[in-house]
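Here's the structure we're looking at; comments come further down.
The values are calculated or read from the model by the stated rules, or taken from the named source; none is laboratory data. Fair warning: this is a prediction, and the values are worked out from it, not measured in the lab. We place every Cβ from the backbone using ideal geometry, glycine too, and count neighbours over all the protein chains shown. Surface accessibility is based on the protein's heavy atoms, side chains included, excluding ligands, DNA and RNA. Shrake-Rupley method; radii C 1.70, N 1.55, O 1.52, S 1.80 Å.
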Amino acid sequence: MLSHFLQYEFLQNTFYTGLLIGLIGPLLGSFIVVRRLSLIADGLSHVTLAGIAFGLFVEKRFGLLFLTPFYYGTAFSVIGAILIERLRSVYHAFQELAIPIILSAGVGLSVIFISLAEGFNNDLYNYLFGSVSAVSRNDFYGILIIAFIVVSVLIIFYKELFMLSFDEEHAKVSGIHSERIHFLFIVLTALVISASIRIVGVLLVSALMTLPVAASIRIARGFKQTIIYSIVFGEISVIGGLISGYYLEIPPGGTIVMISILILLLTMSGKKLWLNMKRKKAIL
Amino acid sequence: MNVPIVEIKNLSYAYEDKIALNDINLDIHEGAFLGLIGPNGGGKTTLIKLLLGLITPQQGSIRVFGQDIKQFKDANKIGFVSQKSNAFNRGFPATVKEVVATGLTAKVGYFKFFTKKDHQKVIEAIETVGMSEYINQNIGDLSGGQQQRIFIARAIVSDPKLLILDEPTVGIDTEHVQRFYQLLNKLNQENKITLLLVSHDIGTVTKYANGVACLNKVMHFHGGTNEFENISDQQLSQFYGHDLNLVTHHH
Ligand SMILES: Nc1ncnc2c1ncn2[C@@H]1O[C@H](COP(=O)(O)OP(=O)(O)OP(=O)(O)O)[C@@H](O)[C@H]1O
Ligand SMILES: [Mg+2]
């Protein structure tokens, strides 16, 4: 079944990109989930769409440039992340308000650029739900660099990020530069989203970052284990979803998410069974 | 007893238009075990936030370890157990060990990883609070009192000179409260950690602490436990406003 993926270049790009986002999505997602920031991923994915639409518009108007829409999407995503942080500090008491503001701005801009670019409407479906054939070599290199940055920064700042996630006040009292670390984290989130969007699609990108973690939290002990299981579940979902999506001719966003949900259900019922067994043992 | 490690002079603080602390003076000497008592809203947590540099005083000065609080950078010298410690997200997937290790994060510093020695320290701190058998459990699966002990381990793992505890015994049953105070005593006597403990339990504070400060916007009393025992109940009720019958004093 894998053979096509190793044979055709466009599928190769997709496959390797899939492996990368199956790693960085759940990796960063573990922090996102425990920090209760899942909605930020949704907000940023819509801003990324606006960037992609803008890139397509530029392409249509000015011909092919070196920068593909992916790079415009990345830039928009990062700018969106910075804006979210600004808004969150302005609306200190209503921090979640930043997300609908950014999300609707993203959708609004997307609509405008999509209609300006015309013709892009055919691709829209792919952008919303992902595609197996959308990753170019050029994009793949961009995503590879993103993955490298994300993994290294998370390793280097792991202990600070973990501390900040667990107890922000404690981090501040101890002299951790919590605002700067948080900012770094949000920028990483923006990068991961733009890297993932071609394969899983705008609407489902946050699922890739949260569903594997939701399953992992059920069974893991400690945070490191949570990350490891999340990545395993993420990779299974992405690889399974890409292959089945390709052969069934379904956008991979759908198949990836459904496999993640299946894993989630399995861990939930598995945990229940296991707990029941343990309880019986404890009572005996 | 030489230079006090905490020197508070003429300190006032107001939240917007509401004054929380008015002209406070307080010295804490090395080796002390000071109990800070006072009614709800008396300003105890505010005083602690000021000491930790979370908020800055509008008037007066605070010196810690001989340095003005604004210049003070050596946060590792102060350990802190918050009143809200166990208000954390109970579903957070972190083991006891992982949580206690965060107490070393700032000390180890940026761009560095935990060493074997650091891990050893974490294990020792967990031992000190008597929680070794739970080391690999998720913190959310422990009882409230056990969690509180873990937060003490987190606070002491970096070898602080001063440990500040804001009502750490809320929700702990009486037997464990006694054990908890014995643990504090041990930290004070054996590990030579200076303690500042906020509590509503006057009876127990006077039993274990060697000094008492009574705060209700102004500092009503600050002195040794013996002097404190000589204060009449009536005077104490005045400090508190009125409803003191809730708390036990002389025992
Ligand atoms: N963030 C805040 N904003 C505005 N007012 C505050 C804030 N925090 C505390 N206050 C006010 O300051 C006063 C002192 O509060 P503080 O929390 O220091 O009391 P406390 O002695 O710790 O009380 P408790 O025993 O209930 O913990 C109270 O009147 C409180 O309403
Ligand atoms: Mg308080």
> Looking at A:34, A:12, A:124, which one has the Cα that reaches farthest to the positive end of the dipole of the stretch A:2-206 (charges on Cβ: Lys, Arg +1; Asp, Glu -1)?
Replying inline: A:12
>> Given a 1.4 angstrom probe, what's the average accessible area per residue across the stretch A:2-206, in square angstrom?
In response: 42
>> I'd like to know which of B:155, B:125, B:55 lies farthest towards the positive end of the charge dipole of the protein assembly as shown, counting +1 on Cβ of Lys and Arg and -1 on Cβ of Asp and Glu.
In response: B:125
> From the square roots a ≥ b ≥ c of the eigenvalues of the alpha-carbon gyration tensor of the protein assembly as shown, which class results: rounded (a/c under 1.5), prolate (a/b over b/c), or oblate?
Replying inline: prolate
>> Rounded to the nearest 5, what % of DSSP beta bridges with both residues in the protein assembly as shown are antiparallel?
In response: 55
> Carbon and sulfur: what percent of the stretch B:56-193's accessible surface (1.4 Å probe)?
Replying inline: 48
> With a ≥ b ≥ c the root eigenvalues of the C-alpha gyration tensor of the stretch A:205-284, is it rounded (a/c under 1.5), prolate (a/b larger than b/c) or oblate?
Replying inline: prolate
> At a 1.4 Å probe, what is the % contribution of carbon and sulfur to the accessible area of the stretch A:2-206?
Replying inline: 68
> Which of the GluC sites (Glu not before Pro) across the stretch B:1-104 are loop residues per DSSP, with 16 or fewer other Cβ within 10 Å?
Replying inline: B:16, B:30
> Based on the alpha carbon coordinates of the stretch B:73-124, what radius of gyration and maximum Cα-Cα distance (Dmax) apply, in Å?
Replying inline: 12.4, 33
> Which longest run of chain B has no exposed loop site in it, a site being trypsin sites (Lys or Arg not before Pro) in a DSSP loop with at most 15 other beta carbons within 10 Å, and the site itself not part of the run?
Replying inline: B:113-191
> Using the Cβ atoms and a cut-off under 11 Å, what net charge is assigned to the surroundings of residue B:108, where Lys and Arg are +1 and Asp and Glu are -1?
Replying inline: +3
> Can you pull out the trypsin sites (Lys or Arg not before Pro) in the stretch A:42-118 that DSSP calls coil and that have at most 11 other Cβ atoms within 10 Å?
Replying inline: none
> Taking GluC sites (Glu not before Pro) as exposed when DSSP calls them loop (any state but H, G, I, E, B) and at most 10 other Cβ atoms lie within 10 Å, what is the longest stretch of chain A free of them, the sites themselves excluded?
Replying inline: A:119-248
>> Can you give me the convex hull volume of the Cα atoms of the stretch A:2-206, divided per residue and expressed in Å³?
In response: 116
> Hey, what's chain B come to in accessible area per residue, 1.4 Å probe, Å²?
Replying inline: 47
>> Ignoring everything except DSSP H segments at least 4 long, calculate the 222 nm mean residue ellipticity for chain A; use -39,500 (n - 2.57) per segment, divide by total residues, nearest 500.
In response: -28500 deg cm²/dmol
> Quick one: putting +1 on the C-beta of Lys and Arg, -1 on the C-beta of Asp and Glu, what dipole do you get for chain A around its Cα centre, in Debye to the nearest 20?
Replying inline: 1220
